[in-house]
1. I'm told Leu342 meets every condition in (1) in contact with an Asp or Glu (Cβ under 9 Å, 6 or more places away or on another chain); (2) on the phi > 0 side of the Ramachandran plot; (3) of a type outside the set (Asp, Glu) except one. Can you identify the failing condition by its number?
2. Run down His258, His282 and say which single residue is at pLDDT 95 or above, in a loop (DSSP other than H, G, I, E, B), crowded, with 19+ Cβ neighbours inside 10 Å and not basic (Lys, Arg).
3. Name the residues in segment 295-311 that are part of a loop (DSSP other than H, G, I, E, B), among the hydroxyl-bearing types (Ser, Thr, Tyr) and surrounded by fewer than 23 Cβ atoms within 10 Å (Cβ to Cβ), would you?
4. May I ask you to verify whether Ile67 is of a type outside the set (Phe, Trp, Tyr) and part of a helix (DSSP H, G or I)?
5. Could you list, in sequence order, all residues of segment 195-210 that are under 25 Å from the mean Cα position of the chain (by Cα) and not in a helix (DSSP H, G or I)?
6. Could you check, for segment 40-60, whether at least one of its residues is out of contact with any helix residue (DSSP H, G or I) (no Cβ under 7 Å at 6 or more places or on another chain), surrounded by fewer than 19 Cβ atoms within 10 Å (Cβ to Cβ), among the basic types (Lys, Arg) and not in a helix (DSSP H, G or I)?
7. So Phe128 passes all but one of these: (1) part of a loop (DSSP other than H, G, I, E, B); (2) closer than 30 Å to Leu87 by Cα; (3) touching a residue at least 60 places away in the same chain (Cβ under 8 Å). Which condition number does it fail?
Amino acid sequence: MITPDRIEAENNTRARTHARDLDHARELVSRSGSDAELVIAEVARFSAAAPSWALGTGGTRFGRFPIGGEPRTTGEKVDDVAAINALTGANRSISLHVPWDDPADPDALRQYAAERAIAFDAMNSNTFQDNPTTTRDGAITYKFGSLCHSDPAVRDAAVEHNHHCIDLGMRLGSTAIIVWLADGTSFPGQANFRAQFERVLDGLRRIYARLPADWRLFTEHKPYEPQFYSSVVNDWGSSLLLAQGTGDRALCLVDLGHHLPNANIEQIVSRLAMAGRLGGFHFNDSKYGDDDLTTGSIKPYQLFLIFLELLDAGRSKESPEKTRMPPLAYMIDQSNNLKDPLEDLMQATDAMQVALAQALLVDQPALRAAQDANDPALAQEILHRAFRTDVRPLVAEARRRNNAALDPIATYRALAYRTEKIRQRGLNAVATGI
């Protein structure tokens, strides 16, 4: 449905307005001393994986409201990511969650995705729910943890499941595994903190031993939920300790929602990059906790500051003027119960592209000079000058150069993709996973 010719036809209806806006944006950027072409090129290069579990409507413990036409198979999820990527030009891969996605024929699925120009990003292992491949009809349960569990048989099952994820990912062409654990406690005295941590470290080492030479393992921290007294990997320091204790290719992943309110996430990014252990990002937004809201919908300035730190991490020491995003694993991690999930992912992608473009406009030499001169007012002015610049025409041009849509949401609606998928898949189709 969403073909290059139909996208081009929609773009043609907006071409005149876009050209005018782009000329104005170029003038503004040039006036500030930046190069619009470099900004457009870097935005066009950026890509963030779409998660398989976010392609259907999410839910809360209160209810779920399916939108209709949701993908019923992993293949249909690939179709939806291909549709999103055709519109944004910046979602070139999909990240699977096992066992929510456990294809019977990985080789055929890889070929199917390749035909749609979609690759497979990091694998996500689920040991926070009992599932048939690891729980053996209830004889083993993750109710009281997985890698941290007091029972060696449960820990063995969790390691075995992660090995399965790696084996599956190898056949799909993935090169990383994300190990997020729900392990922890909900009551004081329930378990020994040190013993749980040491068991998790031992489990990660066993998983790491299975990694192919070109693979990476990501640890991911979260302060609470589903456990509410303690999480084994509760903060970036714990994640860093585990990564350092596991191996050189064990890195830390930062989920923007996995922090306590008002945490300085951009500083965490800086610390992990400084330690050489920053591995990837799960982008979303939040007001109170791990809300999994649309990226940039609540705290756009924070998103801008995070991209600023990412660019600092990607800056070449030999050529500091070359500002590029570092080669990390970038993924959108959202679960929306109200919007069309595909529109939600496109809005997130646009927010990331905008934040990246804004961060590229920061006058780095002037900012460093203000910092060295202890001039916080001037430093703030420099940041706000970039953040307040309307970079949307530059982002739209980056999409156009990727043969994507100038206006992804408007084009998506004009092409009636959701309506067609409801016709094909049914109004009551519900995605696997959440």
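1. Looking at each condition in turn, Leu342 falls short on (2).
2. His258
3. Looking only at segment 295-311, we keep the residues that are part of a loop (DSSP other than H, G, I, E, B), and these are 295-299.
Then drop every residue that is not among the hydroxyl-bearing types (Ser, Thr, Tyr), which leaves 295, 297.
Within segment 295-311, Ser297 is the sole residue that qualifies.
4. Judged against the criteria, Ile67 is not a match.
5. Keep residues of segment 195-210 that are under 25 Å from the mean Cα position of the chain (by Cα), which gives 200-201, 203-205, 207-208, 210.
Selection gives Arg210 alone.
6. No, because not a single residue in segment 40-60 is out of contact with any helix residue (DSSP H, G or I) (no Cβ under 7 Å at 6 or more places or on another chain), surrounded by fewer than 19 Cβ atoms within 10 Å (Cβ to Cβ), among the basic types (Lys, Arg) and not in a helix (DSSP H, G or I).
7. (2)
For (1) surrounded by 17 or more Cβ atoms within 10 Å (Cβ to Cβ); (2) in contact (Cβ under 8 Å) with a residue 24 or more places away in the chain, each residue gets a yes or a no:
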residue: Leu361; (1), (2): yes, yes
residue: Gln371; (1), (2): no, no
residue: Asn374; (1), (2): no, no
residue: Arg385; (1), (2): no, yes
residue: Asn402; (1), (2): yes, yes
residue: Ile409; (1), (2): no, yes
residue: Gln424; (1), (2): no, yes
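The values are calculated or read from the model by the stated rules, or taken from the named source; none is laboratory data. Bear in mind that the values here come from a model prediction, so they are computed numbers and not experimental data. Backbone-built Cβ (ideal geometry, glycine too); neighbour counts: all protein chains shown.
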